[in-house]
Amino acid sequence: MISFKNVNKWYGDLHVLNNIDLEIAAGEVVVVCGPSGSGKSTLIRCINRLEPIQEGELVVDNMAVHDKNTNMTKVRAEIGFVFQSFNLYPHMTALQNTTIAPIKVRKMKKADAEELGRETLARVGLKDRIYSYPAQLSGGQQQRVAIARGLCMNPKIMLFDEPTSALDPEMIGEVLDTIKMLAKGGMTLVVVTHEMGFAREVANRVVFMDDGHIVEVAPPIDFFTNAQTERGKAFLSSILSH
Amino acid sequence: MWSFYFHELMRSLPFFMKGVWMTVAVAGLSLIAGTVVGFICGIIRAGRNKILRAVIGVWVDIVRGTPFLVQIFIIFFILPGAGIELDAFSAAVIALSNLTASFICEIVAGGILSVPKGQREAATASGLSQYHQLRFIVLPQAMRTILPPLVGQYVLSIKDSSVVSAIGVVDITRVGWFTVQRIPEGIMVFGLVGLLYFAICYPLINLSGYLERRMTVMTIRL
Amino acid sequence: MLENFNFRVIWEYMPLYGQCFFATLWLSALSLLGAVLVGILACGMRLSQSRLLSWPAGIYIESIRSTPLLAQLYFFYFGLPSLGIMLPEWVTGVFALTLNSGAYYAEIIRSGIQAIHFGQIEAGISSGLSYFQRMRYIVLPQALGMTVRPMLGQAIVLVKDSSLLSLISIMELTRAGQLLTSERFMPAEGFLTTAAFYLVIYYLLKAFSNWSEKRLIFKEAF
Ligand SMILES: Nc1ncnc2c1ncn2[C@@H]1O[C@H](COP(=O)(O)OP(=O)(O)OP(=O)(O)O)[C@@H](O)[C@H]1O
Ligand SMILES: [Mg+2]
């Protein structure tokens, strides 16, 4: 479903992605973790070309993302993206936030899109908040609207960049539950997170990054109980000591 | 003597009204043209094309860095030398439109850049085209930042329109200048001129202040 | 038109331009100094509890902001003599420029003071800072930091506005262009040279504005 081959990316002199090789199968749930600045965000932002890559091949759902001539609108319609800071449109209601892309990109009729938006917001547990503006919602609710916004495009893949790290602890659970629901439904998910309980429960594999490299890829149990590298061990002890 | 002049001045009121009409015509046309051109240039200036951005930047600097009076003289006296014949009215409208556009350009670009980057990214991620992003996500949010200074700029442009009297456009200021030759009571004549401008500008200044307060409240709520 | 641009004439007029350049500089500097003082005074009066002080200041500021500088300039130029007050043109000019920019400076200073959150002053009080210390370390650095840019922006406006003094036949940069135009009929040479001199002042003030803003933000970090 997602395939990185020898992908390299630089910001000026900074080598942020260093020879990335990674295959993610359809229906797989992958958790990406690693220290701050290791390139996790960059990695998943490349998947829908929010950031372009400079070298290598990146193929998503048989479409070549590395190729400048690929029509990205089509690729992006297949990929939902959820940001750490929600990035909801503040001038639109929850419902409008979810329907704008279906109407403008998928050319859906407004009534159909609203029907879809209502259903999707209900799925994430926000049936009675559809007319609320982002400012009237709690952080957890905002993030669930953002997830619904991604889901409304009926994507094959959902990408999450630290979806819970801007949330108060009591709201983390509701968002993780929503993501778990998607995992059980068989969607391909790539989640950047340090929520190790979540990773252990739903991830098929954990990808550990450091300094632009993928250092380890392993099933969660193996990674948590028996990390193969020193850097992996150091990272685990640093987040578990919190 | 004073009451005689006052009586004379009242008799010149129709002349002043013609001046008001001329000021409204010059300023009105320039505000419309300036707004259209200013928005287009502002959108480009906040965009990605480095060359266009730099070209617009130089234009803005030249317009901001030189007095409007000099700009009018350049357009009125020099363009004819380049084969473009202009009457005073057209020269005035071109000059004031150009001035207004350059200031609105900076206001619009600033407004667009004030919208957090994440908003565009979220829109890109859901596949919205550049045009749709601008139209539905960025501009509606930028308008909060744009609107108060935009109205403020309208006031500045209306006031600057008085300078076109220097090339003989018979606007409010020019009417005052003619009248003061006949009625040598400068305080009275230009008091009236001031009142007429005040009547046009004061409501707009208050509108700008109102919008500013309203927009601040709205952004805080958001 | 520019292929036969006559540099020799410009060279010939250079002494005049030099003289006029300095005239523009010192007329502006004098008005600027006056305007900042008038601005501080008017702002202080406007923020005062006493209506006797705040009302006149309010009327002054609003009437200046709602009318064009050129109308104000003519008001004094034609009006003062009709009151029997005879002043040299340049004094009238500096007077009008000072009163005009003074009103804008009053507003700039007021917005700077009012933008400081009262909570910060309370925090200063509760941590035991004296009135002087609160002013010195909390209020003034922030007010100054927030207003450098608009203050220098208004200085740029003032320099450009001084071009209107040419319309009451004061010798300054724009007047030099007018002279070259009327004596040799070379408006391109005349006004483009004038514009170039203004641009020099503009870029200097702009560079200074950018520089001082960086410095102040840097200082505020401590
Ligand atoms: N737009 C950019 N321009 C220049 N450098 C950038 C840019 N974005 C990120 N970087 C740098 O690239 C490196 C990787 O950044 P990235 O955001 O991918 O890290 P991350 O693993 O997501 O970190 P975090 O856990 O803090 O979010 C960092 O050193 C960062 O400073
Ligand atoms: Mg990140």
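Which of the following residues is of a type outside the set (Phe, Trp, Tyr) and either in contact with a His (Cβ under 8 Å, 6 or more places away or on another chain) or free of Cβ contacts under 8 Å to residues at least 12 places away in the same chain (or both): A:ASP222, A:ASP168, A:ASP210, A:ASP161?
Of the residues listed, the single one that is of a type outside the set (Phe, Trp, Tyr) and either in contact with a His (Cβ under 8 Å, 6 or more places away or on another chain) or free of Cβ contacts under 8 Å to residues at least 12 places away in the same chain (or both) is A:ASP222.
May I ask you to list pairs of residues, at least six apart or on different chains, whose Cβ atoms are under 8 Å apart, with the first in region C:53-67 being open to solvent by less than 50 Å² (accessible area, probe 1.4 Å) and the second being of a type in the set (Ser, Thr, Tyr) and modelled with pLDDT of 95 or more?
C:ILE64/C:TYR104; C:SER66/B:TYR197; C:THR67/B:TYR197
Which residue, of A:GLY185, A:GLY173, A:GLY139, A:GLY150, is away from ligand 1 (no atom under 13 Å from the Cβ) and under 13 Å from A:GLN84 (Cα atoms)?
Within the list A:GLY185, A:GLY173, A:GLY139, A:GLY150, the selection yields A:GLY139.
Test each condition in (1) within 16 Å of ligand 1 (Cβ to nearest atom); (2) at the interface with another protein chain (Cβ under 9 Å from one of its Cβ atoms); (3) not hydrophobic (A, V, I, L, M, F, W, C) for A:LYS104 and report the one that comes out false.
A:LYS104 satisfies every listed condition except (1).
I'd like the full set of residues that are more than 16 Å from the chain's Cα centre (by Cα), under 18 Å from A:GLU28 (Cα atoms) and open to solvent by 60 Å² or more (accessible area, probe 1.4 Å), limited to region A:186-218.
Result: A:ARG200, A:GLU201, A:VAL217.
When you scan region B:48-83, how many residues do you find that are within 10 Å of another protein chain (Cβ to nearest Cβ) and not small (Gly, Ala, Ser)?
Matching residues across region B:48-83 total 18.
So B:ARG213 passes all but one of these: (1) at the interface with chain C (Cβ under 10 Å from one of its Cβ atoms); (2) open to solvent by 30 Å² or more (accessible area, probe 1.4 Å); (3) under 30 Å from B:MET143 (Cβ atoms). Which condition number does it fail?
Checking B:ARG213 against (1) at the interface with chain C (Cβ under 10 Å from one of its Cβ atoms); (2) open to solvent by 30 Å² or more (accessible area, probe 1.4 Å); (3) under 30 Å from B:MET143 (Cβ atoms), the one that fails is (1).
When you scan region A:157-168, do you find a residue that is surrounded by fewer than 16 Cβ atoms within 10 Å (Cβ to Cβ) and over 23 Å from A:LYS40 (Cα atoms), even just one?
No, region A:157-168 contains no residue that is surrounded by fewer than 16 Cβ atoms within 10 Å (Cβ to Cβ) and over 23 Å from A:LYS40 (Cα atoms).
Pull out all pairs, ordered by first then second residue, where Cβ-Cβ is under 8 Å, the residues are six or more apart or on different chains, the first lies in region B:179-203 and is assigned to a helix (DSSP H, G or I), and the second is of a type in the set (D, E, K, R) and modelled with pLDDT of 95 or more.
Filtered contacts from region B:179-203: B:TYR197/B:LYS159; B:CYS201/B:LYS159.
Can you find a residue in region C:153-168 that is more than 12 Å from chain B (Cβ to nearest Cβ) and on the phi > 0 side of the Ramachandran plot?
no
Give the residues of region A:126-160 that are more than 12 Å from every other protein chain (Cβ to nearest Cβ) and over 30 Å from A:VAL207 (Cα atoms), sorted by residue number.
A:LEU126, A:LYS127, A:ASP128, A:ARG129, A:ILE130, A:TYR131, A:SER132, A:SER138
Of all residues in region B:123-160, how many are within 7 Å of another protein chain (Cβ to nearest Cβ) and out of contact with any helix residue (DSSP H, G or I) (no Cβ under 8 Å at 6 or more places or on another chain)?
Of the residues in region B:123-160, 1 are within 7 Å of another protein chain (Cβ to nearest Cβ) and out of contact with any helix residue (DSSP H, G or I) (no Cβ under 8 Å at 6 or more places or on another chain).
Quick check on my filter: what residues within region C:169-194 are within 7 Å of chain B (Cβ to nearest Cβ) and polar (S, T, N, Q)?
C:THR174, C:THR181, C:THR194
Would you point out the residue of region C:81-140, among those that are outside any helix (DSSP H, G or I) and within 14 Å of chain B (Cβ to nearest Cβ), that is nearest to B:VAL189 (Cα to Cα)?
For region C:81-140, the residue satisfying everything is C:LEU83.
In region C:39-52, which residues are in contact (Cβ under 8 Å) with a residue 12 or more places away in the chain and not in a helix (DSSP H, G or I)?
The one that is in contact (Cβ under 8 Å) with a residue 12 or more places away in the chain and not in a helix (DSSP H, G or I): C:LEU47.
Hey, does region A:49-71 have a residue that's closer than 30 Å to A:LEU137 by Cα, more than 16 Å from ligand 1 (Cβ to nearest atom), open to solvent by less than 40 Å² (accessible area, probe 1.4 Å) and in contact with a strand residue (DSSP E or B) (Cβ under 8 Å, 6 or more places away or on another chain)?
Within region A:49-71, not a single residue is closer than 30 Å to A:LEU137 by Cα, more than 16 Å from ligand 1 (Cβ to nearest atom), open to solvent by less than 40 Å² (accessible area, probe 1.4 Å) and in contact with a strand residue (DSSP E or B) (Cβ under 8 Å, 6 or more places away or on another chain).
Within region A:38-67, work out how many residues are within 24 Å of A:PRO220 (Cβ to Cβ) and free of Cβ contacts under 8 Å to residues at least 24 places away in the same chain.
Here the count works out to 0.
Condition first: among the aliphatic types (A, V, I, L, M) and under 24 Å from B:ARG174 (Cα atoms). Can you find one or more residues in region C:139-149 that meet it?
No.
Taking region A:32-78 as the region of interest, how many residues are part of a strand (DSSP E or B) and within 14 Å of ligand 2 (Cβ to nearest atom)?
2
Working only within region C:147-188, note down all residues that are crowded, with 22+ Cβ neighbours inside 10 Å, assigned to a helix (DSSP H, G or I) and of a type in the set (Asp, Glu).
Listed by number, the list holds a single entry, C:ASP161.
Restricting to region A:10-30, name every residue that is away from ligand 2 (no atom under 14 Å from the Cβ) and either open to solvent by less than 40 Å² (accessible area, probe 1.4 Å) or closer than 19 Å to B:GLU121 by Cα (or both).
Hits for region A:10-30 are A:ASN18, A:ILE20, A:LEU22, A:ILE24, A:GLY27, A:GLU28, A:VAL29, A:VAL30.
State whether the residues of region A:119-128 include one that is touching a residue at least 60 places away in the same chain (Cβ under 8 Å), of a type outside the set (Val, Ile, Thr) and either away from ligand 1 (no atom under 16 Å from the Cβ) or in contact with a strand residue (DSSP E or B) (Cβ under 7 Å, 6 or more places away or on another chain) (or both).
So far as region A:119-128 goes, no, none of its residues is touching a residue at least 60 places away in the same chain (Cβ under 8 Å), of a type outside the set (Val, Ile, Thr) and either away from ligand 1 (no atom under 16 Å from the Cβ) or in contact with a strand residue (DSSP E or B) (Cβ under 7 Å, 6 or more places away or on another chain) (or both).
The values are calculated or read from the model by the stated rules, or taken from the named source; none is laboratory data. Just so you know, these numbers come straight off a predicted model, no measurement behind them. Here the Cβ is made from the backbone with ideal geometry for all residues, glycine too, and neighbour counts use every protein chain on show. Each accessible area value is taken on the protein alone, full model and side chains, heavy atoms only, with ligands, DNA and RNA left out. Shrake-Rupley method; radii C 1.70, N 1.55, O 1.52, S 1.80 Å.
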